[in-house]
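The structure appears below as structure tokens.
The values are calculated or read from the model by the stated rules, or taken from the named source; none is laboratory data. This structure is a prediction, so every number in the text was calculated from the model and none was measured. Because the Cβ atoms are built from the backbone with ideal geometry, glycine has one as well, and the counts that use them run over all protein chains shown. For the accessible areas, the whole protein counts, side chains as well, though only heavy atoms, and no ligand, DNA or RNA atoms are used. Shrake-Rupley method; radii C 1.70, N 1.55, O 1.52, S 1.80 Å.
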Amino acid sequence: MNDTPFEPVIVGFTCNWCSYRAADLAGTARVKYPPNIRLIRLMCSGRLDPTFVLKAFAEGADAVLVSGCWPGECHYLEQNIKALRRFELLKRVVAGLGIEPGRLQLVWASAAEGQRLAREITRVVEEVRALGPLDWGGRHAATTALAAAPPDSAAAPDANTEPEPEPAEVTA
Amino acid sequence: MTTDERIGVYVCHCGSNIAATVDVEDVRDWAATELAERGVVVARDYKFMCSSLGQELIEKDIAELGLNRVVVAACSPHLHEKTFRGACARAGLNPYLGELASIREQVSWVHTDKPAATAKAKAVVSGAVERVRHHEPLEELHVPIDPHTLVVGGGIAGIQAALELADAGFHVYLVEREPSIGGHMAQFDKTFPTLDCAACILTPKMVEAGSHPNITLLTWSEVTGVSGFVGNFTVTVRQKARYVDTELCTGCGICQEKCPVKPLDEVFEAGLGYRRAIYTPFPQAVPKYPVIDRDNCTYFANGKCKACEKLCPTGAIDFNQEDEILTVSVGNIILATGYELFDARKVEQYGYGRLANVFTSLEFERLSNAAGPTNGRVVLRDGVTEPKTVGIIHCVGSRDRNFNNYCSAICCMQSLKFAHLVKEHTDATVYEFYIDIRTPGKAYDEFYQRVLEEGTVFVRGRVAEVTDALRLPEEAAEDGRLIVQVEDTLAGRQRRIPVDMVVLSCGLQPASDAKEVARLFGISCSSDGWIIERHPKLDPVATMTEGVFAAGCATGPKDIPGSVAQGSAASARVLGRIQNGEMALEPIRASIDETRCSGCRICNDLCPFNAIVFHEDRMVTEVNAALCQGCGTCVAACPAGAISGTGFSDAQVMAQIEGLLLANVDRQRGGKAVPA
């Protein structure tokens, strides 16, 4: 193992009307949060296909943050409620896959809550940092065993490069 | 690997806004080399990509290098997406084949560690490159604009907005909850800094709005439902029963004279005066027709009385009237729903509601108003005694972390006006207890100077307490008066100042039902409860929802000139839409591939806009593009993957995830990528 402290990579799904604007507002107000999160803009949290979350985990995210408008404040009236239902179900699926619950989090943030979103991101990053790298169902061990697998297989990064740190925190 | 995509990547310095935290050249070089196999044929950086020279870079590359995709790494798409789409379009590339990656709001402005921020910027660019590969050429949708407009709120901002539109020749429905339009301004006596009589300048506008052929006035009414979207809203309005036939009523006022019930007028007279059970809030009310207040009417209480009905010369009273639900079609909506006064009872140490001679600012407005309950005599709560000393306390409920953090903007000037009015009406000594005097308006500071010269005493300090408890021996002579305890921060000592009357300059706060209003119209409020503007500086009268605008205090505390200006501004925005006859919308819509639809109907109940229709005959579901708002909830739900969402397709999002996590680069290398 190397000595570089673990820096998680987190994918955040945001709603175009609230949390993405909250992220913009955090920027405009120069509120600081850790660079471990990378945001994706959707039109609504209701657009979040659960497979997006699984895809992010499969591609190496250590955690996924889902965010949307507060219940009752959805730009599309009530689609965040539908997102919430799916989220609850997805949490079970993810737990069933052996992923700690703390790696999938839901945060409501209105367009005015730049400070709050930054605070929540910071919290999630700290929690995931404490959890350590996602070893999905013994993925690390499995990849060693699968070292002979073809290199284009998505779930099997080259065993030789493991456990290289995630790209974001590697300094030039 | 070969690819048909020819992608240009443009990394913006934004002066030093991005370049100070992100190594822009490094991102550029990384994209040019690491993402070359993903289709990037050119990567450039530029000081200001949004400048015309920056845009020309893109246009030139599209023409000369045959780019068919463009990624600009710069600010938020909410700022410059349109700019770069324009650049693509000018060079003949479909504007939707460009993607704006936010490395300013989401990277350089929120992170401090340059290497980490640079690495994140690379990931964000990589995500955008992967995403843009899956972009499809799209065409804007055009929707027709219904030329009718709904204005909600009949205060000065709403009246102004309605008049502008009506004068331009377009029809307006002006909805007001109270029996008359006029709003808070109608309650005021004088207006700062000119001391114009509020009624004298407001009532002509009210009359004009009330009689304008292009304005349908719906007072004593509330909006109960809104459906549809920009250009084509359907709004339901509940018009409460007036119990007065407006066709017959002449507004003679005999009913009001003869009504035997005199309830306290909590609304217009701020609890200082009485009205009748059948009433118009004030003599100049528009419309002139009274309403019957069911809760206080003797007939509705015990079935007797009917004095108004017996004495009405035109037989206009109709106790059988019922609430009416009206449905109107409008293209745009202007919300001018105003504010409420901060409830001074919450600041217990100031004694409002407990100490008789503590008044709110609105009460003082009514006291000093010649048409008010005291005919303009400034007197104590007993109704006869003129005060010899008056203390005016600023920032009640404002600039106070216990209540509202914000400055209510109007209270300093309002307090100065009160000082002037007290001196005009009485011989009293006036104290102003202030934190800072804020007079940033035209002729406002001059007014402050005038009040200073009139001899008002200014004490800088937040008042600790207003009390009737006498604590010091020398206060013995002050029995029955109020003591204002304050730290005079300029003199550097505690003072206890005896006064006869205290006026609390209360702050403004959003209406108590502001959140419900926001929900009804599909817009958002800040944590304070004010409506959020599309952009606080550059688009202050638009909301995030197309076709819904806001004016006046609905977006935050404002003085009368500010509210009027916003009323006009909002209607100018609406007029532009109406003149164009149609507007272009983002082509973000869901559509269903019928060949893949199994008819399972899982999506059918997900759409709140009724855009999803099921065809029983063919057992397939279809999305009506005209009703679809593009949220994508049905896209995410379809188990067969038959629903696709333009602009945010599964392929686009999945690719962006890969790109963000650098899985794209990994795969080419057969291992984990390490950007350096």
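Okay, here's what the table says:
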{"item": "Rounded accessible area per residue of the protein assembly as shown, 1.4 Å, Å²", "result": "40"}
{"item": "Part-to-part distance (alpha-carbon centres) for the stretch B:211-251 and the stretch A:1-76, which is given in Å", "result": "44"}
{"item": "Cβ neighbours within 10 Å from other chains - mean over B:623-631", "result": "3"}
{"item": "Amide H partners (placed H, <5 Å) of A:S110, local residues excluded", "result": "A:W70"}
{"item": "Cβ neighbours within 10 Å from other chains - mean over B:416-425", "result": "0"}
{"item": "Under 12 Å, Cβ to Cβ, from B:C634 - net charge with Lys/Arg +1 and Asp/Glu -1", "result": "+1"}
{"item": "Rounded tilt (10° steps) of B:52-65 against the dominant C-alpha axis of chain B", "result": "30"}
{"item": "Chain B: angle of helix B:114-132 to the longest principal axis, Cα-based, in degrees nearest 10", "result": "70"}
{"item": "The stretch B:157-258 shape via C-alpha gyration tensor axes, a/c threshold 1.5", "result": "oblate"}
{"item": "Kirkwood hydrodynamic radius of the protein assembly as shown, Cα pairs, Å", "result": "30.5"}
{"item": "Sites B:N402 and B:D196 - FRET efficiency at Förster radius 41 Å, r taken between beta-carbons, to 0.05", "result": "0.70"}
{"item": "In Hz, Karplus ³J(HN,Hα) per residue of the stretch B:338-347 (6.51, -1.76, 1.60; θ = phi - 60°; x = Gly, Pro)", "result": "x, 9, 10, 6, 4, 7, 5, 4, 5, 8"}
{"item": "Percentage relative contact order, chain B, counting C-alpha pairs under 8 Å, at least six apart", "result": "14"}
{"item": "For peptides B:498-504, B:400-406, B:617-623, B:563-569, sequence by mean Cβ density within 10 Å, most packed first", "result": "B:498-504, B:563-569, B:617-623, B:400-406"}
{"item": "Cα-based shape type of the stretch A:10-137, given that a ≥ b ≥ c are square roots of the gyration tensor eigenvalues and the cut on a/c is 1.5", "result": "oblate"}
{"item": "B:E582 long-range amide H proximity, modeled H, under 5 Å", "result": "B:I145"}
{"item": "Beta bridges by DSSP in the protein assembly as shown, antiparallel share as percent, to the nearest 5", "result": "45"}
{"item": "Net charge of neighbours whose Cβ lies under 15 Å from the Cβ of B:G153, counting Lys and Arg as +1 and Asp and Glu as -1", "result": "-4"}
{"item": "Other protein chain Cβ atoms within 10 Å, averaged over every residue that makes up B:213-220", "result": "0"}
{"item": "Total charge dipole magnitude, the stretch A:1-121, about the Cα centre, Cβ charges on Lys, Arg, Asp, Glu only, Debye to nearest 20", "result": "240"}
{"item": "Estimated vicinal HN-Hα couplings, Hz - the stretch B:79-91 in sequence order (Karplus 6.51, -1.76, 1.60; Gly, Pro = x)", "result": "9, 10, 4, 4, 4, 6, 4, x, 4, 4, 4, 5, 8"}
{"item": "Antiparallel content of DSSP bridges confined to the stretch A:10-137, in %, to 5", "result": "5"}
{"item": "Cα shape, the stretch B:595-651, gyration tensor, a/c 1.5 rule", "result": "oblate"}
{"item": "Between helix B:24-34 and chain B: long-axis angle, C-alpha atoms, 0 to 90°, nearest 10", "result": "40"}
{"item": "Highest to lowest packing among B:594-603, B:92-101, scored as the average C-beta count within 10 Å", "result": "B:92-101, B:594-603"}
{"item": "3J(HN,Hα) from dihedral phi, the stretch A:100-111, Karplus parametrisation 6.51/-1.76/1.60, rounded to Hz, x for glycine, proline", "result": "4, x, x, 8, 10, 10, 10, 10, 8, 8, 6, 4"}
{"item": "Length-normalised contact order of the stretch A:10-137 in % [C-alpha pairs under 8 Å, at least 6 apart]", "result": "37"}
{"item": "Peptide ranges B:298-308, B:334-344 listed from the most packed, as the mean C-beta count within 10 angstrom indicates", "result": "B:334-344, B:298-308"}
{"item": "Accessible area of the protein assembly as shown belonging to carbon and sulfur atoms, whole % at 1.4 Å probe", "result": "51"}
{"item": "Built amide H within the under 5 Å cut-off of B:C525, gap 5+", "result": "B:I532"}
{"item": "Chain-alone versus full-assembly comparison, the stretch B:106-147, residues with accessible loss of at least 20 Å² (1.4 Å probe)", "result": "B:Q106, B:W109, B:V110, B:H111, B:T112, B:P115, B:A116, B:A119, B:K120"}
{"item": "Mean residue ellipticity (222 nm) of chain B, computed from DSSP H runs ≥ 4 via -39,500 (n - 2.57), nearest 500", "result": "-8000 deg cm²/dmol"}
{"item": "Neighbourhood net charge (15 Å Cβ-Cβ; Lys/Arg +1, Asp/Glu -1) for B:M619", "result": "-2"}
{"item": "Estimated buried accessible area (total), pair B and A, 1.4 Å, Å² to nearest 100", "result": "5500"}
